[in-house]
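Laboratory data are not the source of any read-out in this text; all were calculated from the coordinates shown. Nothing here was measured: the structure is a model prediction, and the numbers come from that model. Neighbour counts are summed over all protein chains in view; Cβ atoms, including those assigned to glycine, are modelled from backbone coordinates with ideal geometry.
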Amino acid sequence: MVNEYVILVDEQDNDIGVMEKMQAHQEGLLHRAFSIFIFNDKKELLLQQRALSKYHSAGLWTNTCCSHPRPNETIKDAANRRLFEEMGLSCDLKIETNFIYKTPFDNGLTEHELDYVLMGATNQNPTINKEEVENYKWMLMTDIKKDIISNPNQYTSWFKIALEKVF
């Protein structure tokens with residue numbers, strides 16, 4: 001397996017270094033990330049269930065796609081790359097906003113991210129990469145919010161934070 005690296009940043013999103021992804025999560029260091037939200041014409045959001053083999057948040061439901069840009073890769077280029085790698089989709093993505101969050105996990109890892117939110121639209125169903133994604137579904141935002149209230153432990157922490165901050 002090839003080591004993946006993340007871009008360490010300060011709270012103003014200035015690059016301050018590069019670190020191996022797992023080490024950054026072990027140390028809880030702030031790094032750049034992105035979360036993609038893809039909607040269809042029915043105003044449904046495409047959700048993915050994270051693969052059961054993921055090193056954290058395995059099997060949880062989340063937004064369409066999340067990841068980290070590589071060194072010397074723009075947010076939009078990284079988002080387009082990962083959207084295709086994970087979901088087999090390509091569409092026009094627009095950066096909407098960003099926010100910082102920090103979430104510790106039971107396995108000792110911590111997500112501490114400056115997370116860019118990108119949005120796009122398609123009516124195409126994904127062709128999921130089973131190494132990354134267990135399943136997918138389209139849901140209306142009102143239904144997602146109700147389900148999160150009823151089943152909060154079935155959703156990723158950053159997805160719940162993004163919903164509060166963006167929607």
| said: How large is the Kirkwood hydrodynamic radius of segment 1-83, counting all unique pairs of alpha carbons, in Å? | reply: 14.1
| query | Taking amide H positions as placed 1.01 Å from N in the peptide plane, with prolines and chain starts having none, which residues 5 or more places from residue 13, or on another chain, fall under 5 Å of its amide H? | reply | none
| said: I want the antiparallel fraction of DSSP beta bridges within the chain, as a percent rounded to 5. | reply: 75
| task | Tell me the GluC sites (Glu not before Pro) within segment 1-32 that lie in a loop according to DSSP and have at most 15 other beta-carbon atoms within 10 Å. | result | 4, 11
| request: Could you work out how far apart the two model spin labels at residue 21 and residue 95 are, taking each label as a point 7 Å from the Cα in the direction of the beta carbon, and quote it in nm? | output: 2.0
| Beyond 19 Å, what share of the Cα-Cα pairs of the chain remains, rounded to the nearest whole percent? | 54
| Which whole-number percent gives the relative contact order of the chain, counting Cα pairs below 8 Å spaced six or more residues apart? | 27
| Packing-based exposure ordering (other Cβ within 10 Å, fewest first) of 159, 84 | 84, 159
| remark: Restricting to Cα pairs under 8 Å and 6 or more apart, the percent relative contact order of segment 78-167 works out to 27
| query | Are there GluC sites (Glu not before Pro) in segment 43-111 that DSSP puts in a loop and that have at most 16 other Cβ atoms within 10 Å, and which ones? | reply | 73
| remark: By Cβ neighbour count within 10 Å, fewest first, 66, 91 rank 91, 66
| remark: With label points set 7 Å from each Cα along the Cα-to-Cβ direction at residue 151 and residue 42, the distance between them in nm comes to 1.7
| With at most 13 other Cβ atoms within 10 Å, longest stretch of the chain clear of loop trypsin sites (Lys or Arg not before Pro) (DSSP) | 44-129
| task | For segment 26-167, please report how many Lys pairs fall under 20 Å Cα to Cα, leaving out neighbours fewer than 8 apart on the same chain. | result | 25
